[in-house]
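Here's the structure we're looking at; comments come further down.
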Amino acid sequence: MTAHVIDGKAHAASLRLAVGGAVEGLKRAYGLTPGLAVVLVGADPASEVYVRNKGVATRAAGMNSLEFKMPEDCSQEALLSQVRALNEDPSVHGILVQFPLPGHIDQTRVIAAIDPAKDVDGLHPMNAGRLMAGVSGLAPCTPLGCVRLIKDRVADLSGKRALVLGRSSLVGKPMALLLLNENCTVTLAHSRTKDVADECRRADILVAAVGRPHFVKGGWIKPGATVIDVGINRVPAPEKGTGKTRLVGDVDFDAACEIAGAITPVPGGVGPMTIAGLLANAVTAACAQAGVPVPEM
Ligand code: NAP
């Protein structure tokens, strides 16, 4: 079998288009322009690229984009004050604090300071609780994007066996809950799981979010399974001695292609869906704050 390669870029482009259409409609019908604020602490080059890309995508979708840069040595209190000011600003409907934060800042306190209604990253305990209760709220963008990709391949998720590899609050746990809310039978595996390969072999849907290059081997995959590779790992490029690097996922893509029914590549799979999902969350948040229906996206 040669797996269908899921084109995350194309899916993300169509979601971004739908978000842009939704924003146009909100402007026309209610004079509502969703605003997304991103706070960046320090000058980590990768974070700067992410923030820049988010700004470009936000503006391209017709939304207002605000960026707040704070110095690496800014105090916890200064960051919390910035977040509180954005909570109070009616033109800001979504707030995202770019992670990782410098070591002296308590990430948990920062997340808790964000108004849950503006928590477009879906990390506030209130939104995590809503996800656990299976009621609507803002869920983390990466797992939301994964569900969209899975649903495009698997028409009915009900009763499907899903394995999520990795239990982070950002990806693994919300991913497992989203799949549970879709009536999958979910297993959540982690570094203490006894026989990960065996767990994988039973899964109709396999989501890998481990952060280890090519961790999932071809022989671990159930024939015909849908494989979603969240991992982003930088490894040396095959050309020896050049110092070049390339990105690979958590799944041995070439081997998995021989067995899976569908698979996301890295890059070009889950990654593009994350920013598109963020934009969709910003629209959802803006509608909830304005008390208007959320358009189809
Ligand atoms: P993380 O916080 O480091 O969590 C990794 C998880 O993998 C942990 O739960 C860990 O288990 C588990 N794990 C580690 N070694 C394992 C092993 N040998 N067997 C089974 N489980 C193992 O990472 P994350 O933030 O969830 O991110 C995971 C990957 O996704 C990273 O490569 C990251 O760059 C990528 N990512 C991509 C996107 C995107 O937009 N595409 C977004 C976010 C993250 P324990 O809990 O037991 O330690």
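The values are calculated or read from the model by the stated rules, or taken from the named source; none is laboratory data. Since the structure is predicted, the reported quantities are computational estimates derived from the model, not experimental observations. Neighbour counts run over all protein chains shown; Cβ positions are idealised from the backbone, glycine included. What goes into the accessible areas is simple: the full protein's heavy atoms, side chains included, and nothing from ligands, DNA or RNA. Shrake-Rupley method; radii C 1.70, N 1.55, O 1.52, S 1.80 Å.
Note: relative contact order over region 151-297, using C-alpha pairs below 8 Å and six or more positions apart, is 18 percent.
Note on LYS194: aspartates and glutamates with a C-alpha under 19 Å away, same-chain residues under 8 apart excluded, are ASP250.
For the chain, the solvent-accessible area works out to 46 Å² per residue, with a probe of 1.4 Å and every protein chain left in place.
Too long at a 27 Å Cα-Cα cut-off: which of LYS222/LYS244; LYS27/LYS54; LYS173/LYS217; LYS27/LYS173; LYS160/LYS217? Could you put the intermediate results ahead of the total?
Details: LYS222/LYS244 34 Å; LYS27/LYS54 21 Å; LYS173/LYS217 22 Å; LYS27/LYS173 35 Å; LYS160/LYS217 21 Å.
As for pairs spanning more than 27 Å Cα to Cα, those are LYS222/LYS244; LYS27/LYS173.
Aspartates and glutamates within cross-link reach of LYS151: Cα-Cα under 12 Å, excluding same-chain residues under 8 positions apart? Within the straight-line cut-off, LYS151 pairs with GLU182. Global dimensions of region 30-120 from alpha-carbon coordinates: Rg and Dmax equal 12.9, 42 Å.
Using the alpha-carbon positions of region 101-162, Rg (one decimal) and Dmax (whole number) come out as 14.7, 46 Å. Per-residue ellipticity at 222 nm computed for the chain from its helices equals -13000 deg cm²/dmol, with DSSP H segments shorter than 4 residues left out and the rest contributing -39,500 (n - 2.57). Calculated over region 186-294, the projected area of the Cα convex hull averaged across directions stands at 9.6 nm². Taking every full run of DSSP H in the chain, the ones that stretch at least 24 Å from end to end by Cα along their long axis and average -0.5 or higher on the Kyte-Doolittle scale are 8-30, 270-290. Applying the criteria of a DSSP loop state and at most 16 other Cβ atoms within 10 Å to the GluC sites (Glu not before Pro) of region 10-90 yields GLU72.
Note on the chain: antiparallel DSSP beta bridges, both residues inside, total approximately 10 percent of the bridges counted.
What's the Cα-based Rg to Rh of the chain, Rh via Kirkwood?
Values: Rg = 19.4 Å, Rh = 19.9 Å.
For the chain, the value is 0.97.
Phi-derived couplings, Karplus 6.51 cos²θ - 1.76 cosθ + 1.60 at θ = phi - 60°, listed residue by residue for region 247-262: 9, 10, x, 8, 10, 6, 4, 4, 5, 5, 4, 6, 10, 5, x, 8 Hz, with x used for Gly and Pro. Leaving out ligands, DNA and RNA, and with a 1.4 Å probe, what % of the accessible surface on the chain is carbon or sulfur? Carbon and sulfur together cover 54 percent of it.
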